[in-house]
Amino acid sequence: MWLLFAIFSSALLGCYDIFKKASLRGNAYIPVLFIATLTGSALFGVILLLSRSGVVEADSLFYVPQITPTEHLLYFIKAMIVGSSWIFAYKALSQLPITIVAPIRSTGPVWTVLGALLIYGERFNGWQWLGFVIVIFSSYLFAKAGKKEGINFKSNHAIWAIVTATLLGSVSSLFDKYLLAHYDRMAVQTWYSIYMGVFMLIPLAFWLPKRNLPPLFNWRIIIPMIGITLSAADFMYFYALSRPEALLGVVSVLRRSSVVLSFLLGAAIFNEHNLKSKGVALAGIIIGVCVLVLGS
């Protein structure tokens, strides 16, 4: 069952990336981000209320237990980490092709494993070194492919934004390992989703005085789908990780494989270019990530 949940989570993440790109094309990214986040907050807010009222019972997959003040603080910290990552990611996706953004995001597990090794004082084994070298070489090929579209990976602010988003996402993944080992998965997802809506009021407040400056915000019906698909994907991801028989490496690789769907659909829908060289680099990144994570 956990494997099926991991596969569905990956497919939903691919759809989530497409909804993001479609919503952000020629659009102001801060209000899009706020509405998408608020949608997720509202969904889990309803689940929380149903849990408190007894409609959702304690033995349900969706039940949210009572939490302590310490947990509230931890979940708000997670919301700040994830929210900051999203701000950088949405900014980058509003300016770059999805076939550039998706492969960079796919390197996330590499930095998560590297962070875990540094935190716990471990060393790379042979498979981990092999995977790491493959990812670095493939990233070099990917940078060369980006130059063909006039994107300089060293000086482009949007590239640095998506790199920052990826690193923050890895920090969040490391934090997830701690939270899910000590606290209820529904409490983690529900409260951090609610606090995300609160945190996103900050960038919205900075954007509002500039709302009449380009790019202007245009409402699109697919914007709430960003929050809906991500909430569903994260629910399945957290459930898969919470199962004692689940293999963390397999879940991580399956989740990150969503980049393949994002890449293919993005190339088809948004008519992006230079796909052959990007595809070769992407394949290398995915192989490297799989070798590194499974070798861990």
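The values are calculated or read from the model by the stated rules, or taken from the named source; none is laboratory data. No experiment lies behind these values; they were computed from the predicted model shown. All Cβ positions, even for glycine, are placed from backbone atoms using ideal geometry, and neighbour counts span all protein chains on display. For accessibility, only protein heavy atoms count, side chains too; no ligands or nucleic acids. Shrake-Rupley method; radii C 1.70, N 1.55, O 1.52, S 1.80 Å.
When the residues of the range 95-131 are narrowed to those that are more than 19 Å from V291 (Cα to Cα) and not in a helix (DSSP H, G or I), which ends up least open to solvent (accessible area, probe 1.4 Å)?
Step by step, filter the range 95-131, then rank; the result is L96.
Is it true that some residue in the range 243-250 is modelled with pLDDT of 75 or more, under 17 Å from L180 (Cβ atoms) and basic (K, R)?
Yes, the range 243-250 has at least one match.
Does I136 count as in a helix (DSSP H, G or I) and either aromatic (F, W, Y) or open to solvent by less than 10 Å² (accessible area, probe 1.4 Å) (or both)?
no
Of (1) touching a residue at least 60 places away in the same chain (Cβ under 8 Å); (2) more than 24 Å from the chain's Cα centre (by Cα); (3) not in a helix (DSSP H, G or I), K144 satisfies all except one. Which?
(3)
Do the conditions hold for I202, that is, is it farther than 25 Å from S60 by Cα, assigned to a helix (DSSP H, G or I) and more than 18 Å from the chain's Cα centre (by Cα)?
Yes; evaluated as a whole, the condition is true for this residue.
Can you spot a residue in the range 116-128 that is out of contact with any strand residue (DSSP E or B) (no Cβ under 8 Å at 6 or more places or on another chain), among the polar types (S, T, N, Q) and closer than 24 Å to I286 by Cβ?
Yes, the range 116-128 has at least one match.
Among the listed residues I81, I47, I77, which satisfies the condition of being more than 20 Å from I228 (Cβ to Cβ) and over 16 Å from the mean Cα position of the chain (by Cα)?
I77
Considering S262, S242, S277, S173, which residue is under 22 Å from Y29 (Cα atoms), touching a residue at least 40 places away in the same chain (Cβ under 8 Å) and among the polar types (S, T, N, Q)?
Answer to the check: S262.
Considering only residues that are in contact (Cβ under 8 Å) with a residue 24 or more places away in the chain and surrounded by fewer than 20 Cβ atoms within 10 Å (Cβ to Cβ), which ones fall in the range 204-225?
L204, F206, W207, R211, P215, L216, F217, N218, R220, I222, P224, M225
Take the residues in the range 168-178 that are among the hydrophobic types (A, V, I, L, M, F, W, C) and modelled with pLDDT under 90, then tell me which one is nearest to Q95 (Cα to Cα).
Filtering first and then ranking leaves V171.
Exactly one of (1) open to solvent by 70 Å² or more (accessible area, probe 1.4 Å); (2) over 26 Å from S23 (Cβ atoms); (3) under 22 Å from the mean Cα position of the chain (by Cα); (4) modelled with pLDDT of 85 or more is unmet by W160. Its number?
Looking at each condition in turn, W160 falls short on (2).
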